[in-house]
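The values are calculated or read from the model by the stated rules, or taken from the named source; none is laboratory data. This is a predicted model, so every value here is computed, not measured. Neighbour counts run over all protein chains shown; Cβ positions are idealised from the backbone, glycine included.
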There are 4 protein chains.
Amino acid sequence: MPQCDFTKSFMKRKKIKSKAVYRFLRTVFFFLCSRSMASKTPVGFIGVGNMGNPMAKNLMKHGYPLIIYDVFPDACKEFLDAGEQVVSSPADVAEKADRIITMLPTSINAIEAYSGANGILKKVKKGSLLIDSSTIDPMVSKELAKEVEKMGAVFMDAPVSGGVGAARSGNLTFMVGGVEEEFAAAQELLGCMGSNVVYCGAVGTGQAAKICNNLLLAISMIGTAEAMNLGIRLGLDPKLLAKILNMSSGRCWSSDTYNPVPGVMDGVPSANNYQGGFGTTLMAKDLGLAQDSATSTKSPILLGSQAHQIYRMMCAKGYSKKDFSSVFQFLREEETF
Amino acid sequence: MPQCDFTKSFMKRKKIKSKAVYRFLRTVFFFLCSRSMASKTPVGFIGVGNMGNPMAKNLMKHGYPLIIYDVFPDACKEFLDAGEQVVSSPADVAEKADRIITMLPTSINAIEAYSGANGILKKVKKGSLLIDSSTIDPMVSKELAKEVEKMGAVFMDAPVSGGVGAARSGNLTFMVGGVEEEFAAAQELLGCMGSNVVYCGAVGTGQAAKICNNLLLAISMIGTAEAMNLGIRLGLDPKLLAKILNMSSGRCWSSDTYNPVPGVMDGVPSANNYQGGFGTTLMAKDLGLAQDSATSTKSPILLGSQAHQIYRMMCAKGYSKKDFSSVFQFLREEETF
Amino acid sequence: MPQCDFTKSFMKRKKIKSKAVYRFLRTVFFFLCSRSMASKTPVGFIGVGNMGNPMAKNLMKHGYPLIIYDVFPDACKEFLDAGEQVVSSPADVAEKADRIITMLPTSINAIEAYSGANGILKKVKKGSLLIDSSTIDPMVSKELAKEVEKMGAVFMDAPVSGGVGAARSGNLTFMVGGVEEEFAAAQELLGCMGSNVVYCGAVGTGQAAKICNNLLLAISMIGTAEAMNLGIRLGLDPKLLAKILNMSSGRCWSSDTYNPVPGVMDGVPSANNYQGGFGTTLMAKDLGLAQDSATSTKSPILLGSQAHQIYRMMCAKGYSKKDFSSVFQFLREEETF
Amino acid sequence: MPQCDFTKSFMKRKKIKSKAVYRFLRTVFFFLCSRSMASKTPVGFIGVGNMGNPMAKNLMKHGYPLIIYDVFPDACKEFLDAGEQVVSSPADVAEKADRIITMLPTSINAIEAYSGANGILKKVKKGSLLIDSSTIDPMVSKELAKEVEKMGAVFMDAPVSGGVGAARSGNLTFMVGGVEEEFAAAQELLGCMGSNVVYCGAVGTGQAAKICNNLLLAISMIGTAEAMNLGIRLGLDPKLLAKILNMSSGRCWSSDTYNPVPGVMDGVPSANNYQGGFGTTLMAKDLGLAQDSATSTKSPILLGSQAHQIYRMMCAKGYSKKDFSSVFQFLREEETF
């Protein structure tokens, strides 16, 4: 219950430890929260998988009643138990909620959820706000936006950066595309799930921003792996080399925050056999989107294209589930593999 | 004369403007400087081109008498006029100085200066300290070190990062490879020319560090250009996209300090039609060294290799003299060229 | 008139030279042909542009009455003048012909022609044979095939290789995908327009074969250009180098039949300032299809991906309308540009 | 002894089995051979490894007495047993023979054999003909040629194409660089070991031709593997796809003579688990030479560079000893690995 969390955090900040005070405050917050909850209309949430689950929970914590749907009924059970409504199709969600968030794995799933036989568009109410947080092709976002608009509703694309951890702690970054006047409304909900909500421009630009970031990320990660590997083979100590790069023009997020070489930094996937983090398959998927966008806009992405193929190869060679920084391991000689 | 500079800067700091005081102080400093200069043995300097010239001048400012040589006599004139000794071969430098700095454009020039018919090795004195600040193949550095060692002298490789501006202001970064016990001695001289002097390990690791940094720099610059170009074509505002990348995992020196897209930042080459900065030809040269090092150590550099070819192409297409961030321009459509 | 052609070729085969016999035979064939023409039902032809125009004419020569449609009415005029029927939508074509050939520039045009508001599917008759000779995404071919099948008709993809010249002389190669039992029916028509009609397998495999061929073609053309350019710079005579490659393991169609270096061969685009031939834009388009197919099937195409980007760059640098072998020119130094 | 071989093969051809006849014939051939041998001056052979061994034997078969040297004495034993002279340094070879063939693995070995402390140049006689069949950097060939010329002798580079099998059967191809007037003299010897001896131009062009061929070969092999793999994933039968490519513009030696897909052709390494053939390590080495040549001549090799890195990666991933067509296996998904 949100009031418990608020009470606890309030007491922590104020350094109050008494149980009695806790109980008193909880009651006070209970009434305050109830009032504010009373004014909150339900929010639809479609897709409560690895990412969607903690995101939906953060909306609950902020007092939003939810209308849940997921193609896998098991994924919904937890929400049913917590007292939320679970329905049996995206259309049903649209019937009961006029603000809906979708969090789905691919373009195809998003199209199905919106335009499918039992899709949102079948029952969407005029004036509804539909926010798609899936990472998909910006062209698909634009198509969906057109169809949504025809029904008199509003569509925004709001893909996230940050993984499951950030989803849990409510620290995701949302990159939002859509009509600017609706941004504040979107921000109200997205702000419950993320610490950064950035307005990027017209529909599709949220996806575009995410795709461009991950394109550059993949390139600089592979570049870091290549430079570190070459340096080590030329006799440099990896920690020292990382230090030199980080104070020079080679500095990048992959070298200074997420170094791919085991032993250089603590608390990153390379320090833990490339477990956790952002999986190679997901990076390959995002680079596929970048490739498609580049092909359709006729933009040359010479290194990006190569990065895509490298992550594609890695998926074929047993790295699918490792963090994407494992490209360092992929490049090394077998002896040291 | 250093005492003049010291006097001027001292007066500036103290906000003294009188000419009489100036003359008095100059005399004081003259005696002080003379005394300190008296204790400084001459330093040899071979190669006083674009970079070597301001570097040598910074040694002068710190009171080191110089023994100068350059294959182009004209390059030496300025130093002759300033009262420094100019000699007619590297061998002659080695005869008169037991600390020598070489600053040459290519591996071949360095080999000639050391092992040529009138090279340093012909007359080098035992115990001399030879510092090569050229950017060359680390294998060549190692070869030279072996030959120098045979003569009872010490060789260190100390390539620089930072361009002509940093050379003038004494703000170069030196990456130094060689025997650790000699590092302090090298630092005494290099500290006069640079603000960062980093010890990297055995001979050749200075070159290795520089090469690895520039390899990663080239890759992330091209990556930044590709991501920015794709984003713009997908409808994003360039400034906003740069801001998003810089607060996300795509952040790198090329995106946050040296953005290649005109209009995003001030005071960088992209704001000035790619004039100045670090020329495409120089980047192609350094990537050639990275390629050679990767081939000889059998290290895969998939993106690095492609970056090398891209800069090679740019040189062939009229970008030789532009800053290396002009790769953004190279990627764009003709219409907007 | 086809009967003239038949007569001539018959006489040639039989080594008959008399003019009187020629006239007699022509008359005989005239009646035979007339009879067979009488039995020929009309064939629909949608898309009579650069390629479609000569293809449709070859069907006419073989005695097929045509039902023509093109989005540009001017393109149809020639056929109207020749006595063919011109209609005002793909749907109208489907109403009047139960065998239809489509020859369109992109996937989007093909989708419009089949599934659009006035598309073929609106009025297609049961049992119709629809042959798409456009070069498009094999996934789109499969989608169209499903929709066509729902209407009780048959769809085959039959992209061509060979340019406008081959289209005129009836020497195209057709790569055909679809139900095997219908291949003979397709062959009857395609054989009038091409000298090679190859059955490739299920729907979409015709496109797949074409895409794979052009992928390999692009790679080996760029490879030939790189090898020839490197050899020339290393001091080899281009003609001699081509000869050596062609008798060794480097031999390929691009080196022995379509050499990209001016002066090596006659009668190829490189001998004529890269005029004519297969345009860089078209190659970039086909590589885009290869890229999309590779992304959707998760097949790594490391060199193919790079080839795609190179042709993309060339389009941006003024090579759009030149033959794709002009990649040799693109790689050369500026001096010789 | 050649007469034994001749006798044996003669008897085999004539189906004679008697020992007495053997002895008689051997004597006859002995005299015949002796006479022709009498007119043949000895030929030096340095480097009798996998390739050098059968090459030297072919010279023996043609009646040339040999002066043998190899850094591994064991490699020479066989020749000693066969009655040839074995000496203890390249210098000794040069003392006893005025025609010398060198067949060594790398540039460094070649430099050592020529310019080392006991190298050929120490004792080379004026007018000697020195033929280097090693595959090395053309720049090194040129350097060696200069040094050899200073001693009044002649140097030619004559790298081979064709593997151990071709070396045994005397079917190698030699690509020869050097002064044209000396080509006939070189041809006399090389013709004993190869079926094709091609004059390429000035010193170094033999290497250049070989490097360019292998560069194009590597690119088209990877291209073939990518196109075949993509086609198979798109549903095409591999044999049919190969047939289509081979009758179209994708045709190349790698598709029509050495197809990398198991099951498409017989008698090639892909039919035998990629055993035998031309090893991945050797291809990586030759691509390293191409890379070095491209870097030093500033020639862009975009795909060649990538091919180099791919073979480099393969060496690191356990493919070192497999035939270079195993790149097809490298690209496939793990499931089917």
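Points worth noting:
- Summed over the range A:310-321, the residues that are in contact (Cβ under 8 Å) with a residue 40 or more places away in the chain and surrounded by fewer than 22 Cβ atoms within 10 Å (Cβ to Cβ) give a count of 2.
- Only one entry of D:Asn229, D:Asn213 meets the criterion of being part of a helix (DSSP H, G or I) and touching a strand residue (DSSP E or B) at 6+ places or on another chain (Cβ under 7 Å), and that entry is D:Asn213.
- Selection over the range B:286-337 of residues that are aromatic (Phe, Trp, Tyr) and more than 30 Å from A:Ile232 (Cβ to Cβ) gives a count of 4.
- Within the range B:211-266, being aromatic (Phe, Trp, Tyr) and touching a residue at least 60 places away in the same chain (Cβ under 8 Å) holds for one residue alone: B:Tyr258.
- Scanning the range C:173-182 for residues that are part of a strand (DSSP E or B) and either hydrophobic (A, V, I, L, M, F, W, C) or on the phi > 0 side of the Ramachandran plot (or both) turns up C:Phe174, C:Met175, C:Val176.
- Search result, residues across the range B:168-185 that are among the hydrophobic types (A, V, I, L, M, F, W, C) and either at the interface with another protein chain (Cβ under 7 Å from one of its Cβ atoms) or surrounded by fewer than 24 Cβ atoms within 10 Å (Cβ to Cβ) (or both): B:Met175, B:Val179, B:Phe183, B:Ala184, B:Ala185
- Scan the range A:194-221 for residues that are within 7 Å of chain B (Cβ to nearest Cβ), at negative phi and either surrounded by 24 or more Cβ atoms within 10 Å (Cβ to Cβ) or touching an Asp or Glu at 6+ places or on another chain (Cβ under 8 Å) (or both) and the total you get is 11.
- Candidate set: the range D:243-260, residues that are of a type in the set (A, V, I, L, M, F, W, C) and within 16 Å of C:Arg251 (Cβ to Cβ); chosen: the one surrounded by the most Cβ atoms within 10 Å (Cβ to Cβ): D:Cys252
- Positions within the range A:274-288 being facing chain C (nearest Cβ under 10 Å) and either buried (at least 23 other Cβ atoms within 10 Å of the Cβ) or not in a helix (DSSP H, G or I) (or both), in sequence order: A:Ala284, A:Leu287
- Among (1) at pLDDT 95 or above; (2) part of a loop (DSSP other than H, G, I, E, B), the one test that A:Leu303 misses: (2)
- Selection status of B:Gly263, outside any helix (DSSP H, G or I), surrounded by fewer than 20 Cβ atoms within 10 Å (Cβ to Cβ) and at pLDDT below 95: no
- Test: residue in the range A:162-169 that is in contact with a Leu (Cβ under 7 Å, 6 or more places away or on another chain) and at pLDDT below 95: yes
- Scanning the range C:227-286 for residues being aromatic (Phe, Trp, Tyr) and closer than 28 Å to D:Ser195 by Cα gives a total of 2.
- Selection of the range C:186-210 for residues being more than 12 Å from the chain's Cα centre (by Cα) and in contact (Cβ under 8 Å) with a residue 60 or more places away in the chain yields C:Leu189, C:Cys192, C:Val203, C:Gly204, C:Thr205, C:Ala208.
- Test: residue in the range A:289-309 that is surrounded by fewer than 22 Cβ atoms within 10 Å (Cβ to Cβ), within 12 Å of chain B (Cβ to nearest Cβ) and out of contact with any Asp or Glu (no Cβ under 8 Å at 6 or more places or on another chain): yes
- Filter result for the condition that a residue is among the aliphatic types (A, V, I, L, M) and either more than 24 Å from A:Gly52 (Cα to Cα) or out of contact with any Leu (no Cβ under 7 Å at 6 or more places or on another chain) (or both), over A:Val197, A:Val203, A:Val154: A:Val203
- Among (1) outside the structural domain of C:Ser325 (by TED's automatic domain parsing); (2) under 23 Å from D:Ser299 (Cβ atoms); (3) aliphatic (A, V, I, L, M), the one test that C:Val264 misses: (1)
- Residue within the range B:219-233 that is over 30 Å from A:Ala202 (Cβ atoms) and either in contact with a helix residue (DSSP H, G or I) (Cβ under 9 Å, 6 or more places away or on another chain) or of a type outside the set (A, V, I, L, M, F, W, C) (or both) present: yes
- C:Gly235 within 12 Å of chain D (Cβ to nearest Cβ) and not in a loop (DSSP other than H, G, I, E, B): no
- Single residue of D:Gly165, D:Gly116, D:Gly152, D:Gly170 found to be out of contact with any strand residue (DSSP E or B) (no Cβ under 9 Å at 6 or more places or on another chain), among the small types (Gly, Ala, Ser) and on the phi > 0 side of the Ramachandran plot: D:Gly152
- Across the range B:238-271, the qualifying residues are those that are among the hydroxyl-bearing types (Ser, Thr, Tyr) and within 25 Å of A:Gly204 (Cα to Cα), and the one among them that is farthest from the other protein chains (Cβ to nearest Cβ) is B:Ser255.
- For the criterion of being more than 8 Å from chain A (Cβ to nearest Cβ) and outside any loop (DSSP other than H, G, I, E, B), B:Ser320 fails.
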